[in-house]
Amino acid sequence: MTDIPARPSISRVLIANRGEIALRAVRACRAIGLETVAIFSSADADSPHVWAADSAVCLGPPPSTESYLAIPSVLHVAVEMGCDAVYPGYGFLAENAEFAEACAENNLKFIGPSAEAIRTMGDKARARETAKSFGVPVVPGSDGVYTDAGKAAKAAKGIGFPMLLKARSGGGGRGMRVTEDLDGFSEAFTQATREAETAFGDGAIYLERFFPKVRHIEVQVLGDGKGNSLQFDERDCSVQRRHQKLVEESPSPAVDEKLRARLLEVSGLLTRGIAYEGAGTVEFIFNEASGEFFFIEMNTRIQVEHPVTEMRTGLDLVELQFRIAAGEPLPSLDTDAMPGGHAIEFRINAEDWMRGFVPSPGRLEAWQPPRGEGIRLDAAVYQGQRITPYYDSMIAKLIVHGRDRNEALSRARDALSGFRCEGIANTIGFHRILVDEDDFIANRIHTRWTETALAWQTD
């Protein structure tokens, strides 16, 4: 890749995030000659991304609403520190259309898609209709959203059960409920509405047929905002708990070449159709029994699991976000020069998986991650650090790569066995069991597998 072209509009970037993605962003900016300003809450004063940035400013106390989600404060820092661009990463304000618009109003380049793309894809009902308009297959469901349980129940009868109730806004598994029949619909609707209102300030719910045993498949995309796009081989994110991912791998063991080509094709149609800019992910469910796949959503940001794609392509997707924002064209891909092979990511969360994955904040008494060929660790923690209860529980991502899935699994076993993390409950023990599970090895998994087949492990 060439150096960033002269573009005075991007020279100093506000990193509007925390943790490992903020640290990744700082390093990517340094590699291509951009200055960085970090923001942090008082709870994150000793976070590595604060040390790494050229400058850092405390936004306020620990609650996200008073720090990382406080749009006026974030914008004030960006303007006062002479920034000309803002990088949102994932989570917090990354998919907030109002924030993207506010950046533009303050002459700040939002490093990501347009506010309109964020708004369209963030509204699950609009995203569904947009996908349909480009010929992308969608899950049978409602044509609109509901705030009234009675009206929603009437629509549910026509769609069929089991039913997934899903918040119009947001993600991360919040505002989602499954109901097996009409008898349980009203209670599920009330719970989903209440949770969505609390999490996103929007209690509107749309309805989808629920498929109990499906794979969660996603396609990494890059767009230049001018109708051009790149699509990369799919990631399988079927190992989940409560609709939140635990393990991701590429390529999916469940996807053949014909299906792969089709997934990439429709992902490209959608990305180009909305003139998408930057990194994003088009997500699907795949029903192995019928061979059908359906669009579920598009995440208008970089994903936590993007390193899986990086390991197989040799690309730095975070760096490419900055290059695209600076006006560079999409990179030319030499597939023959790419590493290929198989990559798997394991999320290391500060959670007690033996008690249903409940958060486990505390002091990190010992931290000794594994090293070796085909092993990568993305983290922004250190021994002695206090893991706070205020933010997402993920503290690291372990990514392994091999020539094929068997080699990747072998390296995963070695890496996990030598991974020392003490002082807080964490998911390393879960992953150690997972990589030796017959179902996982033989590729007999689905999105509810962790909560059913492994229920005895996680009670």
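The values are calculated or read from the model by the stated rules, or taken from the named source; none is laboratory data. Small disclaimer: the values here were computed from a predicted structure and weren't measured. Counting neighbours? That spans all protein chains shown, and the Cβs are built from the backbone with ideal geometry, glycine included.
Observations
- Among the candidates G173, G184, G158, the residue that is assigned to a loop (DSSP other than H, G, I, E, B) and of a type outside the set (D, E, K, R) is uniquely G173.
- Residue within segment 253-271 that is surrounded by fewer than 24 Cβ atoms within 10 Å (Cβ to Cβ), at pLDDT 95 or above and more than 23 Å from E288 (Cα to Cα) present: yes
- Some residue of segment 174-192 being more than 25 Å from H446 (Cβ to Cβ), surrounded by fewer than 23 Cβ atoms within 10 Å (Cβ to Cβ) and modelled with pLDDT of 95 or more: no
- Residue match in segment 130-152 (condition: loosely packed, with under 14 Cβ neighbours inside 10 Å, at pLDDT 95 or above, farther than 22 Å from T271 by Cα and over 19 Å from the mean Cα position of the chain (by Cα)): no
- For segment 153-173, the candidate set comprises residues that are of a type in the set (K, R) and surrounded by fewer than 16 Cβ atoms within 10 Å (Cβ to Cβ); within that set, the residue that is farthest from F210 (Cα to Cα) is K154.
- Checked against the criteria, R7 does not count as under 24 Å from N107 (Cα atoms), modelled with pLDDT of 95 or more and not hydrophobic (A, V, I, L, M, F, W, C).
Residues are listed down the side, and each one gets a yes or a no for (1) in contact with a helix residue (DSSP H, G or I) (Cβ under 7 Å, 6 or more places away or on another chain); (2) among the charged types (D, E, K, R); (3) more than 25 Å from R301 (Cα to Cα); (4) outside the structural domain of V239 (by TED's automatic domain parsing):
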position: E129; (1), (2), (3), (4): no, yes, no, yes
position: F134; (1), (2), (3), (4): yes, no, no, yes
position: I159; (1), (2), (3), (4): no, no, yes, yes
position: G175; (1), (2), (3), (4): yes, no, no, yes
position: D183; (1), (2), (3), (4): no, yes, yes, yes
position: E187; (1), (2), (3), (4): no, yes, yes, yes
position: A196; (1), (2), (3), (4): no, no, no, yes
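- Filter pass, Y390 being touching a Pro at 6+ places or on another chain (Cβ under 6 Å) and either at pLDDT below 95 or of a type in the set (F, W, Y) (or both): yes
- Within segment 100-129, considering residues that are touching a Gly at 6+ places or on another chain (Cβ under 6 Å) and at pLDDT 95 or above, the one surrounded by the fewest Cβ atoms within 10 Å (Cβ to Cβ): P113
- Some residue of segment 72-82 being of a type in the set (V, I, T), under 21 Å from the mean Cα position of the chain (by Cα) and at negative phi: no
- For segment 340-372, filtered to residues that are out of contact with any Gly (no Cβ under 9 Å at 6 or more places or on another chain) and either of a type in the set (K, R) or within 24 Å of A408 (Cα to Cα) (or both), the residue that is modelled with the lowest pLDDT is R355.
- For T300, the test of being over 20 Å from A117 (Cα atoms) and either among the polar types (S, T, N, Q) or modelled with pLDDT under 95 (or both) is failed.
- Test: residue in segment 306-318 that is more than 17 Å from R128 (Cβ to Cβ) and surrounded by fewer than 18 Cβ atoms within 10 Å (Cβ to Cβ): yes
Matching residues to (1) surrounded by fewer than 20 Cβ atoms within 10 Å (Cβ to Cβ); (2) closer than 20 Å to E310 by Cβ; (3) of a type in the set (G, A, S):
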{"residue": "V26", "(1), (2), (3)": "no, yes, no"}
{"residue": "A56", "(1), (2), (3)": "no, no, yes"}
{"residue": "P61", "(1), (2), (3)": "yes, no, no"}
{"residue": "L93", "(1), (2), (3)": "no, no, no"}
